[in-house]
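Peer 1: Before I ask anything, here is the structure I am working with.
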Amino acid sequence: MNAIKKYIAECIGTFVLVFFACGTAAVVGCSAENGTGYLLTALAFGLVIVAMAYSIGNVSGCHINPAVSIAMLVSKKLSVKDFVGYVIAQFVGATLGAAVLMLFVGKESGLGANALYNDSIVLSLLIEVILTFVFVIAILGVTSKVENGAVAGIVIGLSLTLVHILGISFTGTSVNPARSFGPALFVGGAALANVWVFIVAPLVGGALAAVVYNFLSAEDQKK
């Protein structure tokens, strides 16, 4: 598969994630007090993954998330060259998605940007590492067997919904550096100043998930 096509697919997928999922957060809100809006936001993120998995999954694998890409790199399922290409494409797609979203809802909506939990960098880093770890290890598990191909997109989408259901009340849930960067770039202020937390933590969580999953599955791979 032509590498450029993979990168374009990743760019499109991340654009859709930010425009639709962050857009839903911006429109309906993601406060725990707004029960319906909270769940709609969580579902939007999961449903985008399902839609993209079955549309661009056969082109690029539908990472649309640097945390997933770094897990694949650690698992030796992605080359360094493609990792760099994927991440650049994901950040470009997220930035374009946030830019287009801003035309409709304005930056005052927050664009679904993430925020520190109780102004704590440590707690925000910790929750994001945990959420990303759970999300990515689910991806590694369900994609490890070819026979899971038919349901992998649904499982991954539901896993992302799951981590959002818990994580929204803490940080808004990132688990995706590109998804966090796009909105923060246009919202500015604290969102941009703290975006490094939502870049570092998911990358750590993704890499950690790969290391743990590779360790747990090592015996099976030898058989």
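Peer 1: Tell me which helices (runs of 4 or more DSSP H) are completely within region 11-106 and hold 3 or more residues being in contact with a Gly (Cβ under 7 Å, 6 or more places away or on another chain) and over 21 Å from residue 159 (Cα atoms), or say none if there are none.
Peer 2: 80-105
Peer 1: Let me ask something additional. Within region 108-127, restricting attention to residues that are part of a helix (DSSP H, G or I), surrounded by fewer than 18 Cβ atoms within 10 Å (Cβ to Cβ) and not β-branched (Val, Ile, Thr), which residue is modelled with the lowest pLDDT?
Peer 2: Out of the qualifying residues, it is 108.
Peer 1: Write out, first by first residue and then by second, each pair whose Cβ atoms fall under 9 Å of each other, whose residues are 6+ apart or on separate chains, and whose first residue, in region 82-102, is of a type in the set (S, T, N, Q) while the second is not in a helix (DSSP H, G or I).
Peer 2: Going by the 9 Å Cβ cut-off, the qualifying pairs are 90/63; 90/64; 90/65; 90/176.
Peer 1: Then there's this: What helices (runs of 4 or more DSSP H), lying completely within region 136-223, carry at least 3 residues that are surrounded by 15 or more Cβ atoms within 10 Å (Cβ to Cβ) and not aromatic (Phe, Trp, Tyr)?
Peer 2: 149-171, 177-187, 197-222
Peer 1: Another question, then. What are the residues in region 86-105 that are of a type in the set (A, V, I, L, M), surrounded by fewer than 21 Cβ atoms within 10 Å (Cβ to Cβ) and more than 15 Å from residue 188 (Cα to Cα), if any?
Peer 2: Matches in region 86-105: 88, 92, 96, 100, 103, 105.
Peer 1: Residue 125 fails exactly one of the following numbered conditions: (1) hydrophobic (A, V, I, L, M, F, W, C); (2) without any contact (Cβ under 8 Å) to a residue 60 or more places away in the chain; (3) closer than 17 Å to residue 199 by Cα. What is the number of that condition?
Peer 2: (2)
The values are calculated or read from the model by the stated rules, or taken from the named source; none is laboratory data. As the structure is a computational prediction, the values presented were derived from the model and not from experiment. A quick note on method: Cβ atoms are made from the backbone with ideal geometry, for glycine too, and the neighbour counts reach across all protein chains shown.
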